[in-house]
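Trainee: The structure follows.
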Amino acid sequence: MKIWVDADACPTALREIISRAAHKRRIDAIFVTNSVLRVPESPYISAVRVEGGPDRADDYIAEHAEAGDLGITQDIPLAHRLVEKDVLVIEQRGVLLTRENIGERLSIRDFMQDLRDSGLQSGGPSPFGEKEKRAFAATFDRVIVKSLD
């Protein structure tokens, strides 16, 4: 198992949780970004910088992730691509995305995008805080433990 992190919009608190777990459990964690990202010193943690441009990090993750890996992303189209490859996916707010729920999430995302494209303003997601951090940590730990059994 490898952990693939869509790092461009990943909160620092989650990067720290992922890094600590990867090092402790000796699991490769790859943070993919289109900017410079410093990661902790560990043989299990690395950062891949892709050329700037829309969806370049997403494309890299989708191309390299394999069945049984774990993806961390808030990007629903990327999550859909990963779920189709049997990659486990956790949203940054702790929701495990599966074949059973990804279609609905993708439809909602597309609907909201259509609303924004037509000029309607939406408030966007609520701020990321301790509640979301705890939800992510719980789901992440549960998925890692189950995957390593």
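Trainee: Would you tally the residues in segment 82-99 being part of a helix (DSSP H, G or I), acidic (D, E) and touching a strand residue (DSSP E or B) at 6+ places or on another chain (Cβ under 7 Å)? Full working, then the answer.
Mentor: Taking segment 82-99 first, the residues part of a helix (DSSP H, G or I) are 82-84.
Applying the additional criterion that residues be acidic (D, E) yields 84.
Subsequent filtering for residues that are touching a strand residue (DSSP E or B) at 6+ places or on another chain (Cβ under 7 Å) retains none.
Residues that pass the stated criteria total 0.
Trainee: Kindly check whether there is at least one residue in segment 69-86 that is within 19 Å of S19 (Cβ to Cβ) and modelled with pLDDT under 95.
Mentor: Of segment 69-86, the ones within 19 Å of S19 (Cβ to Cβ) are 69-74.
Right, trim to modelled with pLDDT under 95 and you get 74.
Yes, because at least one residue in segment 69-86 is within 19 Å of S19 (Cβ to Cβ) and modelled with pLDDT under 95.
Trainee: Output the number of the condition that L96 fails; it satisfies all remaining conditions of (1) closer than 17 Å to R142 by Cα; (2) surrounded by fewer than 20 Cβ atoms within 10 Å (Cβ to Cβ); (3) under 13 Å from the mean Cα position of the chain (by Cα); (4) in contact (Cβ under 8 Å) with a residue 60 or more places away in the chain.
Mentor: (4)
Trainee: Still on this structure, I have one more. Of F128, F136, F111, which residue is open to solvent by less than 40 Å² (accessible area, probe 1.4 Å) and of a type outside the set (A, V, I, L, M)?
Mentor: Numbers: F128 fails: open to solvent by less than 40 Å² (accessible area, probe 1.4 Å); F111 fails: open to solvent by less than 40 Å² (accessible area, probe 1.4 Å).
Within the list F128, F136, F111, the selection yields F136.
Trainee: For segment 32-81, which residues satisfy the criterion of being in a strand (DSSP E or B), in contact (Cβ under 8 Å) with a residue 24 or more places away in the chain and either aliphatic (A, V, I, L, M) or open to solvent by 60 Å² or more (accessible area, probe 1.4 Å) (or both)?
Mentor: So the first thing to find is which residues in segment 32-81 are in a strand (DSSP E or B), and the list is 32-33, 45-49, 70-72.
So of that shortlist, the ones also in contact (Cβ under 8 Å) with a residue 24 or more places away in the chain come out as 32-33, 45, 47, 70-72.
Residues satisfying the conditions are V32, I45, A47, L70, I72.
Trainee: So is A29 closer than 12 Å to K2 by Cβ and either surrounded by 14 or more Cβ atoms within 10 Å (Cβ to Cβ) or among the hydroxyl-bearing types (S, T, Y) (or both) or not? It would help to see each step written out before you state the result.
Mentor: Values: closer than 12 Å to K2 by Cβ: yes; either surrounded by 14 or more Cβ atoms within 10 Å (Cβ to Cβ) or among the hydroxyl-bearing types (S, T, Y) (or both): yes.
Yes: the conditions hold for A29.
The values are calculated or read from the model by the stated rules, or taken from the named source; none is laboratory data. These figures come from a predicted structure and were not determined experimentally. As a convention, Cβ positions derive from the backbone with ideal geometry for all residues, glycine included, and neighbour counts pool all protein chains shown. Quick note on the areas: whole protein, heavy atoms, side chains included, nothing else; ligands and nucleic acids left out. Shrake-Rupley method; radii C 1.70, N 1.55, O 1.52, S 1.80 Å.
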